[in-house]
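Step one of this worksheet: look at the structure below.
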Amino acid sequence: MKILFGMVGHESSTFASDIGDFKRWADAGWSVGEEIFGKFRNTPSDLGGMIKAAEEYGVQLIPAVAVMNAGPKLTKEAVEYVTGEFTRVAEERKGEYAGICLSLHGAGCAENTDDLEAYTLEKVREVVGPDMPITVSLDLHGNITPEMVGLSNGLFGCKQYPHVDMADAGYLAMKTLVRILRGEASPQTAVVQLPLMVDSLIGNTFSEPMKSFTDYVADYAAKHGLIDAAFFHGYNFTDVPSVGASVVVVAEQGAKEAAAEIAGHIWDMREQLKGECPMPDVAVDSALDALHKPGTGYVVIVEVSDNPGSGAPGNGTHLLREILNRNLAKTIFGFISDPEIALLAHKAGVGGVVSGLLGGKIDKISGDPIELHNARVCALSDGNATFVSPMMEGLPVCYGKTARLRVGNVEIIVTEFPDGGTMDDRPFLITGADVTQYDMIGLKGLNHFRAFFQSRAKAIVATDPPGSATCNLGHYNYQKIRRPIYPIDVGTTFSV
Ligand SMILES: [Zn+2]
């Protein structure tokens, strides 16, 4: 038995002010054919899980293409190219494979579609018809639609945030597909879209309140013998009708009723799903307080509103400016993405100096540019690294030309590419900086960085200044989302 597989993933922000062409989409990697095995086998990724299941079940895989990134809304050309490359392989190898297993994201959109996943599945169905089994693995931040359910034979989401269980979702998608093809399973899939936007700040499934929600869904699935049940938090930084949390259940029977019951429980507890977050001045004060408490280790300050992993450009300056204004001792900021300054630093060389405007060049609301006057170039790197975060361990990453600069007491890592933001200590280490030698670490992220830093940092403090990925929903001028929706519309009601 052969199965066609691949990944067409994008988390698309309609609020970022740049544009997602193919180059931007593929800057976190574009893999074709057999190289997919070399890159993803034995990694904690969706594709790693799919490969593992296929090998365990003795299934041969036909690899198509693989791309996954976050960033601004995609261009039509980029979508046509990537889906076209997938369907080209599907067409060429038609007749060889019995089913398709796809890693999608769930929150992709483009100039020509508000639902990249349904669009991709439609394109695939045009090649293989309505009857071929297709299973899909998805990110917890997917905005899941009934169209996605209708075009597939099972949607499987990861459950943890940070997403340390993506391989489990990929594994289950592949395993269920094999069981369908062998005639051992014939599952139904149901989605319930909640009129609810979950605050990403409290999305961390390893701490309360979210841990209890995650545990409830897992317990419910086990107790009721479901093949899978997933609480999708949704992706708020985009203006499309599907924005919002949802529950997806895959089961031999009763999927609809189970999804409704789980969704009802989440709805009843919705007040817990709101968060709040201070501006950088207050956050830096809190970080200093935490640093001066007994204990050892560094304190992390995370700027959530310019998180490249949420689709923001990673070029904002609000937190960095506050840190520079205070000239905090033993402090490193890693990183801000600014290709101009990174290239200037490479021209100047180690020991040279750089002057010019740093950051604030893409999203104007993310802070004005910072004027650098003879910032010292401490170290340079080509930006190539291998993740050590448990979420992406073993996968390659390239931040492009990278520099470590010094301004007063503060060191700043400047990269060419935003590449999903800081996941672990690799952006620091590639410039020779050992994070354990600092008191304060500034970075851009939301929750994924916690997979590495939570157990190592003395404390983590978040700040949410203006930015294209702010968690402050009042900032966004939504035009297309479903209304009413909680908590924007306080009186929203829901019944299933
Ligand atoms: Zn996610």
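The values are calculated or read from the model by the stated rules, or taken from the named source; none is laboratory data. On a predicted model such as this, the values are computed, not experimentally measured, just so you know. Positions of Cβ are backbone-derived with ideal geometry, glycine not excepted, and every protein chain shown enters the neighbour counts. The protein model used for the area step is the full one, side chains on, heavy atoms only, and it has no ligands, DNA or RNA in it. Shrake-Rupley method; radii C 1.70, N 1.55, O 1.52, S 1.80 Å.
Relative to the longest principal axis of the chain, what angle (0 to 90°, nearest 10) does the C-alpha long axis of helix 210-223 take? Result, in degrees: 20.
Taking 13 Å as the straight-line reach from the Cα of Lys73, the aspartates and glutamates in range (excluding those fewer than 8 positions away in the same chain) are Glu11, Asp18, Asp21, Glu111, Asp114, Asp115, Asp239. Relative contact order of the stretch 369-496, taken over Cα pairs closer than 8 Å and 6 or more residues apart, is 18 percent.
In the stretch 1-120, one over the average inverse separation of all distinct C-alpha pairs is 14.6 Å, which is the Kirkwood hydrodynamic radius.
I'd like the carbon and sulfur percentage of the solvent accessible area for the chain, probe radius 1.4 Å, heavy atoms only, ligands and nucleic acids excluded. In the chain, the share of accessible area belonging to carbon and sulfur is 49 percent.
Averaged per residue, what accessible surface does the chain expose to a 1.4 Å probe, in Å²?
Details: 18070 Å² over 496 residues.
In whole numbers, the chain has 36 Å² accessible per residue.
Neighbours of Ile262, meaning other residues whose beta-carbon lies under 14 angstrom from its beta-carbon, give a summed charge of -2 when Lys and Arg score +1 and Asp and Glu score -1.
All Cα-Cα separations within the chain were binned at 20 Å from zero, giving a P(r) of 25, 56, 19, 1, each value a whole percent of the pairs.
To the nearest ten degrees, helix 339-348 and the longest principal axis of the Cα atoms of the chain are 50 degrees apart. Distance between the modelled labels on Asp281 and Glu147, one decimal in nanometres: 4.6 nm (7 Å Cα→Cβ projection).
In the stretch 198-247, what is the volume of the convex hull around the alpha carbon atoms, normalised per residue and reported in Å³? Working shown, then result.
On the way: hull volume 3.6 nm³, N = 50.
Dividing the Cα hull volume of the stretch 198-247 by its residue count gives 71 Å³.
The solvent-accessible area of Glu371, taken with every protein chain present and a 1.4 Å probe, is close to 120 Å². Only Cα pairs under 8 Å and 6+ residues apart enter the sum, and on that basis the relative contact order of the chain stands at 17 percent. Distance cut-off 26 Å, Cα to Cα: go down the list Lys330/Lys444; Lys123/Lys364; Lys52/Lys211 and report the pairs above it. As for pairs spanning more than 26 Å Cα to Cα, those are Lys123/Lys364; Lys52/Lys211.
When only alpha carbons of the stretch 269-410 are considered, Rg and Dmax amount to 16.6, 56 Å.
When the helices of the chain are scored as -39500 (n - 2.57) per DSSP H run of n ≥ 4 and the total is divided over every residue, the value at 222 nm lands at -8500 deg cm²/dmol.
Panel note: the C-alpha atoms of the stretch 356-411, placed on their principal axes, show extents of 38, 29, 19 Å (largest first). The stretch 253-290 and the stretch 162-182 have Cα centres separated by 27 Å.
The stretch 434-496 has equivalent-ellipsoid semi-axes of 35, 14, 9 Å, by the square roots of 5 times the alpha carbon gyration tensor eigenvalues, sorted largest first. From the alpha carbon centroid of the stretch 354-432 to that of the stretch 203-226 is 36 Å.
Taking all pairs of different Cα atoms in the stretch 161-288, averaging 1/r and flipping that mean, what Kirkwood radius in angstroms comes out?
Values: mean 1/r = 0.0616 Å⁻¹.
Across the stretch 161-288, the inverse of the average 1/r is 16.2 Å.
Rounded, prolate or oblate: which fits the stretch 2-273, taking a ≥ b ≥ c as square roots of the Cα gyration tensor eigenvalues, rounded meaning a/c under 1.5, else prolate when a/b beats b/c?
Working: a/c = 1.63, a/b = 1.17, b/c = 1.40.
In terms of gyration-tensor shape, oblate.
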